[in-house]
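Contents: one structure, followed by commentary.
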Amino acid sequence: MFNQKTFAVMKRELREKLLSKTFLLMTFLIPVFMFGGLALQTFVMSYSGNGDTFLSIVSETPKITNELQKEFSDKPFVKKGKFVISYLTMNKETFKKFLNQSRQDLISEKLTAVIYVPESALKDKKVEYYSKNPNNNSLFEKIRGSINTALIDVYFGNKYFSSDDIRFAREGVDFNSFRVSKQKEIEKEGYGNMVVSFLLTFLLYFSLLFLGTMMMRSVVAEKTNRIVEVLLSSVSSNELMSGKIIGTAITGLVQMAIWLLPLVAVVSTSWFALPEKFTISMNGWQILYFLLNFLIGLVTFLGLFASVGAIFDNDQDAQSGLWPVMLLIMIPFFIAISLVSNPGSPIGKITSLIPFFSLMVMPARMSLVDVSLLEILGSLFINLATMILIFMFAGKIYRVGILRTGKKPSWSEVVKWLKYKY
Amino acid sequence: MLTRVIKCGAQIPFELKFGKLIVTDTGTLRNMLRQFSKDFVLNNDIHFYINLIWIYMFALEVKNLSKSFGNLKAVDNASFEVPEGSIFGLIGRNGAGKTTTIRMMMNIYMPDSGEVVLRGATMGQEFKDHVGYLPEERGLYKKMKVMETLLYFAELKGKTGKEIVERAEDYLERFELLDRKTSKIEDLSKGNQQKIQFITTILHDPDFIILDEPFSGLDPINTNLLKNIIIEKKTEGKVIIFSTHLMDFAERMCDYIAMIDEGKIILNGSLKDIKSKYGQRNVSLTHEGDISFLNSQPFIEKIEDFGNSTGIRVKEASQTQDLLKLLIDHNVKIKKFDANDISLYEIFLELAGSEEEHHKELSHV
């Protein structure tokens with residue numbers, strides 16, 4: 001399969017892809033986008049606008065009003081003047097009138113919100129929030145804790161508990177996670193592995209999609225440029241496809257290795273002291289496995305993308321014919337992402353041993369929980385076998401497809417191609 | 001016909017070299033054998049046997065090739081031979097099966113049945129290194145530079161190194177493109193792109209040059225250029241095979257032809273033999289004056305007006321003299337009277353029929 005001609009095709013692919021501006025741009029921009037995207041999301045979530053927030057907190061009883069005032073006045077956002085809060089005490093009837101008066105201010109956003117804390121909140125902790133924007137989660141996050149504390153203080157303050165008792169009651173439960181595995185000592189688990197799992201899955205997803213589309217475009221271009229028949233007078237379709245796939249796979253591997261460099265540096269050196277919360281429990285073998293798994297996945301999917309490219313003779317048709325391949329990437333991606341919330345789920349366990357799914361689910365699982373060596377080898381074997389099968393299958397479709405132009409073939413025709421003697 | 005010639009030592013007086021020996025008929029072959037056996041007897045010495053080489057009269061033999069696409073039988077049991085050192089034309093209408101046949105000869109398609117024999121052995125992928133192929137639908141990588149393109153295609157044929165670079169530069173100079181060697185293909189004019197395409201076809205010095213409808217889409221300058229390349233390669237002893245629907249062109253260039261219609265080979269052999277076989281009762285006439293009186297003559301089988309000339313077929317070969325006499329008697333001014341001459345187009349019509357739509361497709365300038 002690999003000979004001098006495949007090598008020549010591979011070299012051309014490398015020259016075209018690895019040394020292209022697009023490659024450099026993508027390699028350095030993707031991490032920027034990724035972290036930028038995360039940062040942007042966090043920013044948008046926490047951004048409360050240019051102006052300050054004006055709140056009217058109305059309580060039914062002066063006791064609650066006092067507690068709220070005491071609680072809020074300590075908060076930094078109040079001290080800095082970001083939040084301007086007025087505290088009022090009213091019964092329900094007066095509050096209704098007050099709300100009517102404030103309506104204009106709320107609509108013109110002179111007043112961000114009116115919060116009504118009825119006495120019944122001491123039983124059911126239900127408070128009312130009136131605003132032009134009633135689903136302001138970032139604001140809720142900021143004030144929920146303080147209101148809760150104030151209510152707890154009022155509630156227990158009547159019942160002769162010590163302030164320590166009250167402090168204890170106010171606290172939520174905090175999980176300190178420890179990872180238990182066969183080989184290692186019990187380690188304290190942080191968010192680090194979750195972040196790594198998410199990043200790896202995302203990189204895998206993105207890389208397969210990006211390189212696959214690139215591959216498909218290049219096959220379609222060779223068809224529309226009419227260059228493919230000239231090429232086939234020198235190389236066999238198998239040599240051509242292998243050369244293209246190997247060239248693109250190497251490009252992808254180099255790109256992935258560049259992206260993983262920071263992770264390798266964090267894991268293998270002590271240059272970066274991560275806070276305990278973000279400890280990453282990965283080793284060199286896992287990274288190596290990830291790269292190998294990526295390579296296998298890449299070759300598998302490049303074969304699929306190449307055959308989709310060969311079936312159609314323009315980019316638009318090819319894009320619309322891509323959905324079966326897209327499903328094979330998207331579904332495993334979502335499963336892998338959802339593993340973060342429950343790494344031990346049986347779905348994760350099963351799909352990490354199913355062809356195509358395994359490529360994305362297994363690395364995500366491995367970075368979150370301990371996976372037995374047998375399972376790892378099993379998934380490796382399954383993926384390799386899938387790759388070989390896909391290569392044979394894609395080779396056939398590719399061989400028939402690249403010389404066909406004109407009418408868009410139906411899926412049933414494509415299935416017939418598999419039986420053709422070409 | 002004898003196809004396998006001889007097994008011999010390469011240093012015998014003929015200076016036989018693989019692919020250079022041109023034997024087109026059995027007479028030449030017999031003479032050569034006689035000469036060879038004489039030398040063999042005279043110089044019965046061990047040092048004459050250096051290499052064992054098989055020499056074939058036929059460079060390529062196409063044997064019973066068939067290929068179907070679904071229900072469509074594109075090529076149906078096609079057989080023909082391409083002699084060494086010849087220009088061979090595969091002739092037929094559009095859609096007759098020429099491209100499919102050529103693709104099978106190139107090992108781009110696998111035949112459903114049949115085989116292609118290259119100098120005695122079943123052809124495999126290695127044939128691709130010895131052939132320069134110019135498909136009807138051709139193209140180059142638009143973003144690649146001229147020199148890169150040439151070297152890449154040579155590398156795909158297994159040729160690299162200084163020699164290829166020099167040869168590429170020679171060709172570029174000859175085609176007045178040397179100053180464009182670092183330009184991108186997309187920056188060249190269409191005509192210049194075609195020139196680059198020709199160079200990629202012949203740069204690796206192939207023994208076989210296969211051209212599928214080579215003149216479609218070429219401007220007059222490049223048509224001439226390609227004709228010159230074909231003739232030059234023939235004098236170098238290369239085998240040139242092309243497919244065309246242009247009968248007139250095939251007639252002027254080919255030594256051998258095969259006619260294909262609806263996937264079947266309906267005629268094949270040397271152009272000379274074919275024309276003499278089909279031309280015995282035919283006269284090609286160029287004249288001035290009215291010849292409509294010929295229509296009533298019982299010995300005339302068919303009259304066909306080709307514009308510049310008229311093709312007339314008599315019922316028996318001896319009647320061409322009667323025809324000449326009749327024309328003179330009727331005071332027709334004869335500019336050319338060519339007995340035993342028939343155009344390839346006429347032969348084709350005779351064999352493949354002459355439906356109206358086919359007329360339009362066929363060009364017979």
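The values are calculated or read from the model by the stated rules, or taken from the named source; none is laboratory data. Everything quoted here is computed from the prediction, not taken from an experiment. No Cβ is skipped: glycine too gets one built from the backbone with ideal geometry, and neighbour counts run over all protein chains shown. With ligands, DNA and RNA removed, areas are computed over all heavy atoms of the protein, side chains included. Shrake-Rupley method; radii C 1.70, N 1.55, O 1.52, S 1.80 Å.
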Among A:LYS80/A:LYS142; A:LYS5/B:LYS238; B:LYS275/B:LYS302, the pairs whose Cα-Cα distance exceeds 19 Å are A:LYS5/B:LYS238
Counting Lys +1, Arg +1, Asp -1, Glu -1, what net charge surrounds B:ASP76 among other residues with beta carbon under 9 Å of its beta carbon?
+2
In peptide A:402-408, what is the residue-averaged number of other protein chain Cβ atoms found within 10 Å of each Cβ?
1
Hey, could you grab the Kirkwood Rh for the range B:277-361? Inverse mean 1/r over distinct alpha carbon pairs, Å, one decimal.
13.3
Quick calc, the range B:60-273, dipole around Cα centre from Cβ unit charges on Lys, Arg (+) and Asp, Glu (-), nearest 20 debye, gives 400
Unit charges at the beta carbon, dipole of the range B:158-288: most positive-side option, B:LEU285, B:ILE231, B:SER189:
B:LEU285
Sorting check: for A:29-35, B:317-323, B:136-142, which peptide has the highest mean count of neighbouring beta carbons within 10 Å, and how do the rest follow?
B:136-142, B:317-323, A:29-35
Taking N as the residue count of the range B:137-205, its alpha carbon Rg divided by 2.2 N^0.38 Å gives 0.98
Principal axis dimensions, largest first and in whole angstrom, of the protein assembly as shown by Cα
142, 73, 50
For a quick protection proxy, order the peptides B:231-241, B:277-287, B:114-124 by their average other-Cβ count within 10 Å, most packed first.
B:277-287, B:231-241, B:114-124
At a 1.4 Å probe radius, carbon and sulfur cover how many percent of the accessible area of chain A?
64
With +1 on the Cβ of every Lys and Arg and -1 on the Cβ of every Asp and Glu, the dipole magnitude of the range A:27-169 about its Cα centre, in debye rounded to the nearest 20, is 200
Checked chain A against the a/c 1.5 cut and the a/b vs b/c comparison, axes a ≥ b ≥ c from its Cα gyration tensor; verdict prolate
Partner chain Cβ atoms within 10 Å, averaged over the residues of B:125-138 - can you pull that number for me?
4
Under the Karplus relation 6.51 cos²θ - 1.76 cosθ + 1.60, θ = phi - 60°, what is the ordered set of whole-Hz ³J(HN,Hα) values for the range A:11-25, x standing for Gly and Pro?
4, 5, 4, 4, 4, 6, 9, 5, 9, 8, 5, 4, 4, 4, 4
Using a 1.4 Å probe, how large is the accessible area of B:GLU350, given in Å² and rounded to the nearest 10?
80
Just name one of A:ILE388, A:LEU368, A:SER410: the one whose Cα is farthest towards the positive end of the charge dipole of the range A:363-412 (beta-carbon charges, Lys/Arg +1, Asp/Glu -1).
A:SER410
Could you order A:LYS223, B:LYS181, B:LYS190, A:LYS82 by accessible surface area, starting with the largest, using a probe radius of 1.4 Å?
B:LYS190, A:LYS82, B:LYS181, A:LYS223
Taking the Cα centre of the protein assembly as shown as origin and charging only Cβ (+1 Lys, Arg; -1 Asp, Glu), how large is the dipole, in debye to the nearest 20?
2020
Taking beta carbons within 10 Å but only from partner chains, what does the mean come to for residues B:107-119?
2
Calc'd 3J(HN,Hα), the range A:290-299, phi into Karplus 6.51 cos²θ - 1.76 cosθ + 1.60 (θ = phi - 60°), Hz, glycine/Pro = x, comes to 4, 5, 5, 4, 5, 4, 4, x, 4, 4
Rounded to a whole number of µm²/s, how large is the Stokes-Einstein D of the range B:206-365 at 10 °C and 1.306 mPa s, given Rh as the Kirkwood radius over C-alpha pairs?
90
Quick one: which residues, 5+ away or cross-chain, put their amide H under 5 Å from the amide H of B:ASP261? H built at 1.01 Å from N.
B:ILE266
In whole Hz, what ³J(HN,Hα) sequence does the range A:405-411 give by Karplus (6.51, -1.76, 1.60; θ = phi - 60°), x for Gly and Pro?
9, x, 4, 5, x, 7, 4
Could you work out the local net charge near A:MET26, counting Lys and Arg as +1, Asp and Glu as -1, over the other residues with Cβ closer than 15 Å to its Cβ?
+2
